[in-house]
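Report on the structure given below.
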Amino acid sequence: MKILMVTSEAVPFAKSGGLADAVTALSRSLSRAGHEVKILMPRYYSIDRTALEPVEGGIGVEVGPGGEWGGLYRSTLSGSSVQVYFLEHERFFGRDGIYGNKTETDYLDNPLRFSFLSRAAFPFCRALGWIPDIIHAHDWPSALAPVYLRHAESKTEFAKTASVLSIHNLGYQGVYPKESYPFFRLPWELFHGAGLEFYDKVNLLKAGLASADCLATVSPTYAREIQTPDFGFGLDGLLRSRSADLVGILNGVDLDEWDPEADPHLPARYSAADLRGKAACKAALQKEFGLPAQADRPLFGMVTRLSEQKGIGELFGPLYGSAYRVCSEMEIQFAVLGSGERWCEAELASLSTRLPNFKARIGFDDRLSHLIEAGSDFFVMPSRYEPCGLAQMYSLRYGTLPVVHRTGGLADTVENYNQETGAGTGFMFDNLTPRAIYDTVGWATWAWYNRRAHVDAMRVRAMGRRFPWERSAEEYAKLYGRALERAAYRGA
């Protein structure tokens, strides 16, 4: 199949979250499986155009009162034959940040910027003389691509092209004032008819969900959760109406990047058959964070974005979060790496000074994130909701047992500990509260001191779990087939 990925992010060019990793890894895997894959994304200011190959000519894009003109650059995704095309537009993309910057966290013209990207997919393909079988859009920034396919391109050479929209995080929908709608160059009857209207505003993701031939999200449990009021963010009714077209496909893990037997970031390598290197990684992590060198103390690690979605209030909230009690009442150590909400960064700094067994680093460091995964005994992920999650899969690969809220992809990848039989690969709780986190960390600590043989066996079992992207790519290929069937039925 010919597959066009329309995305706002792709590693290593632009990244703000897991979307970038997923698009790149899925594209590589689909290409290796024999599909012809191309990626279209913006050329942001941070992407050096001198490292790219310019594409002769440009494309006219039918948005705005007089249309817009875009340039094109090209590169190749390393380790693959996937071609990545960059859409050039200085006014829209020649600035810092992907969706915003430190002073304007959500650019007011984002609906203009990303409707331009979505609409550009079609003249881009015409310029190449390449009509895809599938247009695969990702999250709200490219969610208008299925809308344009259905309502503006259905009688053109794209009549047999099908669309798939992946929901990486339903919490972000692209909701903006309806004054931006005329820029889209869609008739006003489609404001309601194509599903764009949302409380008298435009909702880009909602429109894509209503128009795409098939829908995907990044784990089976999350696919069920978003059809409920608790996790649907106001779109659960629409998603229930499209349940027959919605599939949850678990993201994979780059098994070359995350491999404890060959990880260049680690002071020592190890495997399930020989875990001595993990002890060396723990000692290195303790030294790095200024924690006492105590091999017998369980070390809990955490690498996270400090946002409410990640359960930081229940864990680190001043006066009510459980972290202080956990560290002051249990014989454990805790190492945290993250950045985000300022109150939480300040609280982490405060906890680091008040507790000798708690240390935090603010920011992101790839080497440290690998060291935390390898050197910790347990990994804490109390996410309020988690569409897929990657850190818990990295933890399993590194023999670091996850302590998680039973939600989304966490529920699909971690098996809860059974203290009678020793089965499981981690520790889970059902309701996100400070007490639940406290009790579950306490449960893991109890197992460390009282069921050490269980913990050792769980480590080996966890390291045997594999989440290859090749498996995910096979599921997406099946979904593309379903989308093509729906598109053929729609066009008949």
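Worth a mention:
- Qualifying residue in the range 474-487 (condition: at pLDDT 95 or above, over 30 Å from HIS35 (Cβ atoms) and touching a Leu at 6+ places or on another chain (Cβ under 9 Å)): no
- Selection status of TYR385, farther than 17 Å from LEU266 by Cα and among the aromatic types (Phe, Trp, Tyr): yes
- Of the residues making up the range 456-492, just one is open to solvent by less than 20 Å² (accessible area, probe 1.4 Å) and without any contact (Cβ under 8 Å) to a residue 60 or more places away in the chain, namely MET458.
- Residue count for the range 316-345, restricted to those that are closer than 14 Å to ARG305 by Cα and of a type outside the set (S, T, N, Q): 10
- The number of residues in the range 106-122 that are buried (at least 21 other Cβ atoms within 10 Å of the Cβ) and in a loop (DSSP other than H, G, I, E, B) comes to 0.
- Scope the range 275-310; condition charged (D, E, K, R) and assigned to a loop (DSSP other than H, G, I, E, B); matching residues: ASP296, ARG297
- Among (1) open to solvent by less than 10 Å² (accessible area, probe 1.4 Å); (2) out of contact with any Leu (no Cβ under 7 Å at 6 or more places or on another chain); (3) more than 29 Å from CYS388 (Cα to Cα), the one test that PHE158 misses: (2)
- Taken together, the residues in the range 58-96 that are in contact (Cβ under 8 Å) with a residue 24 or more places away in the chain and on the phi > 0 side of the Ramachandran plot amount to 2.
- Filter result (aliphatic (A, V, I, L, M), closer than 17 Å to LEU19 by Cβ and either assigned to a helix (DSSP H, G or I) or touching a His at 6+ places or on another chain (Cβ under 8 Å) (or both)) within the range 128-148: LEU144, ALA145
- The test for being surrounded by fewer than 15 Cβ atoms within 10 Å (Cβ to Cβ) and either in contact with a Gly (Cβ under 9 Å, 6 or more places away or on another chain) or closer than 18 Å to ALA10 by Cβ (or both) does not hold for GLU88.
- Identity of the residue in the range 47-76, among the hydroxyl-bearing types (Ser, Thr, Tyr) and at pLDDT 95 or above, that ends up surrounded by the most Cβ atoms within 10 Å (Cβ to Cβ): TYR73
- Checking each residue in the range 129-151 for being free of Cβ contacts under 8 Å to residues at least 40 places away in the same chain and open to solvent by 20 Å² or more (accessible area, probe 1.4 Å) picks out only GLY129.
So that you can scan it fast, the table gives a plain yes or no per residue for (1) closer than 17 Å to ALA323 by Cα; (2) part of a strand (DSSP E or B); (3) in contact (Cβ under 8 Å) with a residue 12 or more places away in the chain:
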| site | (1), (2), (3) |
| --- | --- |
| LEU410 | no, no, yes |
| ASN418 | no, no, no |
| THR421 | no, no, no |
| GLY424 | no, no, yes |
| ARG435 | yes, no, yes |
| TYR438 | yes, no, yes |
| VAL441 | yes, no, yes |
| ALA444 | yes, no, yes |
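- Residue check: GLU314 meets all listed conditions (1) of a type in the set (Asp, Glu); (2) surrounded by fewer than 22 Cβ atoms within 10 Å (Cβ to Cβ); (3) more than 16 Å from ALA360 (Cβ to Cβ); (4) at pLDDT 95 or above but one, namely (2).
- The range 317-364, subset of a type in the set (Asp, Glu) and in contact with a helix residue (DSSP H, G or I) (Cβ under 9 Å, 6 or more places away or on another chain), residue least open to solvent (accessible area, probe 1.4 Å): GLU347
- Among all residues of the range 149-171, there is at least one that is at pLDDT 95 or above, closer than 25 Å to SER472 by Cβ and assigned to a helix (DSSP H, G or I).
- THR103 falls short on exactly one of the conditions (1) crowded, with 22+ Cβ neighbours inside 10 Å; (2) free of Cβ contacts under 8 Å to residues at least 12 places away in the same chain; (3) among the β-branched types (Val, Ile, Thr), and that condition is (1).
- Pick from the range 398-408, criterion closer than 18 Å to GLN227 by Cα and part of a loop (DSSP other than H, G, I, E, B), ranking: least open to solvent (accessible area, probe 1.4 Å): THR407
- When ILE3 is tested against (1) over 25 Å from LEU306 (Cβ atoms); (2) touching a residue at least 60 places away in the same chain (Cβ under 8 Å); (3) surrounded by fewer than 18 Cβ atoms within 10 Å (Cβ to Cβ), just one condition goes unmet, and that condition is (3).
The values are calculated or read from the model by the stated rules, or taken from the named source; none is laboratory data. The structure displayed is predicted, hence computed values, not measured ones. Glycine gets a Cβ as well: all are built from the backbone with ideal geometry, and neighbour counts include every protein chain shown. Each accessible area value is taken on the protein alone, full model and side chains, heavy atoms only, with ligands, DNA and RNA left out. Shrake-Rupley method; radii C 1.70, N 1.55, O 1.52, S 1.80 Å.
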